[in-house]
Amino acid sequence: MDMTRASETIDHRRRNFFGTAAATVAAVQLISMGTSDACSKAAPFGTMPSGKSSFGALKQIDAGLLNIGYAEDGPADGPAVLLLHGWPYDIHTYVDVAPLLASAGYHVIVPYFRGYGTTHFLSSATLRNGQQAALAADVVALMDALKIPTAIFGGCDWGARTANIVAALWPERCKALVSVSGYLIGSRESNRKPLPPKAELAWWYQYYFATERGQAGYEKYRHDFAKQIWQIASPRWDFDEATFNRTAAAFDNPDHVAIVIHNYRWRLGIADGEPTYDDLENRLAAGPVITVPTITLEGDANGAPHPEPGSYSKKFSGEYEHRTIKDGIGHNLPQEAPMIFAKAIIDVDAF
């Protein structure tokens, strides 16, 4: 495709997106975002009723150590967008984002992480490993299996961390990045450093999971546990039982508890990872700078532990913009404000 045709195609996708948004929400107020601290006064975008109750039929593919379940939307020949969920959430974080991007011409892939939904290990002998490098390697393996050379990444919570890692270690696979709560790459060494008591209190579940009582408690009460995290992390998100239960079904995966417990124990340095990821973790421990174009997002009512935007802005050396989304948007930003998240994906593509 020559450059003129490419430009026309991109412009058409943007026009299509904004036209769809207008039809969905009555009058488009997709906000002219500033280059530093953008304010959204468009609360209806965060609270608009879902147009979809599900993604429809999911697909499965063998990729690396896993058979990965994923939702797919949009034209197969469109620019690829990978959207990555967190804990305790699932692919429905993006159930309203995906059709908006699909209508703008993007090929959207939303996979279940290991330990969630229909994703399962190919071998019973594989360690149920939740360390950060393992999750990122799964995503790269998925891209290889789907023959996706490069994609725009969007992520929240675990998904943001995983997207950060792919952007940092495999920048050739990441065209651009939208990351909720910014730069989340960590190391076990940095996690050993104590925080002030107020900050430590916010990580109560991390320490609970470090105990056998915590593992047994999460096994027994995982749905109630997840709902409490939702309420704490997004105190002004008025989700209903159907919305929560749709996601909670993903936690019935037989490996879910093992993956979650290992993830937090590995972070604290009380569970070993796998040697195959040692080189990746050593590179991540250095806090690599992300060079791809990036938009970071933060809800003004995020009740989960998260860094301040000013603490990570220098971790992005490419074209970069931060947007703070106001009017009570919490931790699960893509599901609470799907149009704002979709617009960020389209905007970062234009970078």
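The values are calculated or read from the model by the stated rules, or taken from the named source; none is laboratory data. What you see is a predicted model; the values in this text were computed from it and never measured. Because the Cβ atoms are built from the backbone with ideal geometry, glycine has one as well, and the counts that use them run over all protein chains shown.
Just name the residue that is surrounded by the most Cβ atoms within 10 Å (Cβ to Cβ) out of those in the stretch 294-327 that are in contact with a helix residue (DSSP H, G or I) (Cβ under 8 Å, 6 or more places away or on another chain) and in a loop (DSSP other than H, G, I, E, B).
Looking at residues that are in contact with a helix residue (DSSP H, G or I) (Cβ under 8 Å, 6 or more places away or on another chain) and in a loop (DSSP other than H, G, I, E, B), I get N302.
Which of the residues that make up the stretch 162-180 are buried (at least 24 other Cβ atoms within 10 Å of the Cβ), out of contact with any helix residue (DSSP H, G or I) (no Cβ under 6 Å at 6 or more places or on another chain) and not hydrophobic (A, V, I, L, M, F, W, C)?
Of everything in the stretch 162-180, just one residue is buried (at least 24 other Cβ atoms within 10 Å of the Cβ), out of contact with any helix residue (DSSP H, G or I) (no Cβ under 6 Å at 6 or more places or on another chain) and not hydrophobic (A, V, I, L, M, F, W, C), namely N164.
If we scan the stretch 168-176, do we find a residue that is at pLDDT below 95 and not in a helix (DSSP H, G or I)? Can you show your working first?
Restricting attention to the stretch 168-176, the residues satisfying the condition of being at pLDDT below 95 are none.
No, the stretch 168-176 contains no residue that is at pLDDT below 95 and not in a helix (DSSP H, G or I).
Scan the stretch 116-144 for residues that are in contact (Cβ under 8 Å) with a residue 60 or more places away in the chain and either charged (D, E, K, R) or assigned to a loop (DSSP other than H, G, I, E, B) (or both) and report the count.
Counting residues in the stretch 116-144 that are in contact (Cβ under 8 Å) with a residue 60 or more places away in the chain and either charged (D, E, K, R) or assigned to a loop (DSSP other than H, G, I, E, B) (or both) gives 13.
Return the residues of the stretch 218-245 that are buried (at least 18 other Cβ atoms within 10 Å of the Cβ) and out of contact with any Phe, Trp or Tyr (no Cβ under 8 Å at 6 or more places or on another chain); say none if nothing qualifies.
Hits for the stretch 218-245 are A233, S234.
Condition check ((1) modelled with pLDDT of 95 or more; (2) over 21 Å from K314 (Cα atoms)) across all residues:
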position: S179; (1), (2): yes, no
position: R192; (1), (2): no, yes
position: K198; (1), (2): no, yes
position: E219; (1), (2): yes, yes
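Quick one: T276 ticks every box in (1) surrounded by fewer than 18 Cβ atoms within 10 Å (Cβ to Cβ); (2) in contact (Cβ under 8 Å) with a residue 60 or more places away in the chain; (3) β-branched (V, I, T) except a single one, so which number is it?
(2)
With the condition being under 17 Å from the mean Cα position of the chain (by Cα) and without any contact (Cβ under 8 Å) to a residue 60 or more places away in the chain, I'd like the strands (runs of 3 or more DSSP E) fully within the stretch 54-115 carrying at least 2 qualifying residues.
66-73, 107-111
Here's a check for you: in the stretch 116-165, which residue that is within 12 Å of the chain's Cα centre (by Cα) and of a type in the set (S, T, N, Q) is nearest to N245 (Cα to Cα)?
This residue is T162.
If we scan the stretch 217-237, do we find a residue that is free of Cβ contacts under 8 Å to residues at least 60 places away in the same chain, of a type outside the set (S, T, N, Q), outside any helix (DSSP H, G or I) and out of contact with any Leu (no Cβ under 6 Å at 6 or more places or on another chain)?
No, the stretch 217-237 contains no residue that is free of Cβ contacts under 8 Å to residues at least 60 places away in the same chain, of a type outside the set (S, T, N, Q), outside any helix (DSSP H, G or I) and out of contact with any Leu (no Cβ under 6 Å at 6 or more places or on another chain).
Quick grid of which residues meet (1) aliphatic (A, V, I, L, M); (2) modelled with pLDDT of 95 or more; (3) closer than 22 Å to Y89 by Cβ:
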| position | (1), (2), (3) |
| --- | --- |
| R265 | no, yes, yes |
| T276 | no, yes, no |
| E281 | no, yes, no |
| P288 | no, yes, no |
| E298 | no, yes, yes |
| P307 | no, no, yes |
| I325 | yes, yes, yes |
| M339 | yes, yes, yes |
| D347 | no, yes, no |
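What's the total number of residues in the stretch 275-293 that are assigned to a loop (DSSP other than H, G, I, E, B) and not aliphatic (A, V, I, L, M)? Walk me through how you get there before you give the answer.
Filtering the stretch 275-293 for residues assigned to a loop (DSSP other than H, G, I, E, B) gives 286-289, 291-293.
Keeping just the survivors that are not aliphatic (A, V, I, L, M) gives 287-288, 291, 293.
Going through the stretch 275-293 one residue at a time, the tally reaches 4.
For residues in the stretch 122-161 being in contact with a strand residue (DSSP E or B) (Cβ under 9 Å, 6 or more places away or on another chain), farther than 14 Å from V180 by Cβ and of a type in the set (D, E, K, R), which is surrounded by the most Cβ atoms within 10 Å (Cβ to Cβ)?
Checking each candidate, the answer is D138.
Checking L195 against (1) touching a residue at least 12 places away in the same chain (Cβ under 8 Å); (2) not in a helix (DSSP H, G or I): exactly one of these is not met. Which one?
(1)
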